[in-house]
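Here the structure is laid out as structure tokens; the discussion comes afterwards.
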């Protein structure tokens, strides 16, 4: 069973989705009247998106450690790959 879901591409997809889910939870907890996409756009224009994505990467860390400690090999690598790509995006947004 583990070998069926232990795929690098699946880990990358999970790693890309987790920060967006964390942003969605923060959006829902904030009781914001605007739409989710307007919320993301406003964060980007106010230069706050990189800070919120850094919070979202904590979720990636938790999922990475969960899968790494349960014996998966390729899935955590995919999560790490997407985390690195998010990190490069955050650095770009911080500098720009």
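The values are calculated or read from the model by the stated rules, or taken from the named source; none is laboratory data. Since we're looking at a predicted model, the values are computed, not measured. Cβ sites come from the backbone with ideal geometry, for glycine too, and all protein chains shown count toward neighbours.
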Report whether or not residue 3 is surrounded by 13 or more Cβ atoms within 10 Å (Cβ to Cβ), over 14 Å from the mean Cα position of the chain (by Cα) and either closer than 20 Å to residue 74 by Cα or touching a residue at least 40 places away in the same chain (Cβ under 8 Å) (or both). no
Would you confirm whether any residue within the stretch 6-22 is over 19 Å from residue 88 (Cβ atoms) and outside any helix (DSSP H, G or I)? yes
Scan of the stretch 58-70 for residues that are assigned to a loop (DSSP other than H, G, I, E, B) and buried (at least 17 other Cβ atoms within 10 Å of the Cβ), ordered by number: none
Single condition residue 20 does not satisfy, out of (1) in contact with a helix residue (DSSP H, G or I) (Cβ under 8 Å, 6 or more places away or on another chain); (2) at pLDDT below 90: (2)
Within the stretch 18-26, is even one residue surrounded by 11 or more Cβ atoms within 10 Å (Cβ to Cβ) and under 23 Å from residue 4 (Cα atoms)? yes
Residue check, residue 43 in a helix (DSSP H, G or I) and under 21 Å from residue 88 (Cβ atoms): yes
Which members of the stretch 42-96 meet the condition of being at pLDDT 90 or above and on the phi > 0 side of the Ramachandran plot? none
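Residue-wise test of (1) surrounded by 18 or more Cβ atoms within 10 Å (Cβ to Cβ); (2) farther than 12 Å from residue 11 by Cα; (3) in contact with a helix residue (DSSP H, G or I) (Cβ under 8 Å, 6 or more places away or on another chain).
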| position | (1), (2), (3) |
| --- | --- |
| 30 | no, yes, no |
| 35 | no, yes, no |
| 43 | yes, yes, yes |
| 46 | no, yes, no |
| 56 | yes, yes, yes |
| 72 | yes, no, yes |
| 84 | no, yes, no |
| 88 | no, yes, no |
| 92 | no, yes, no |
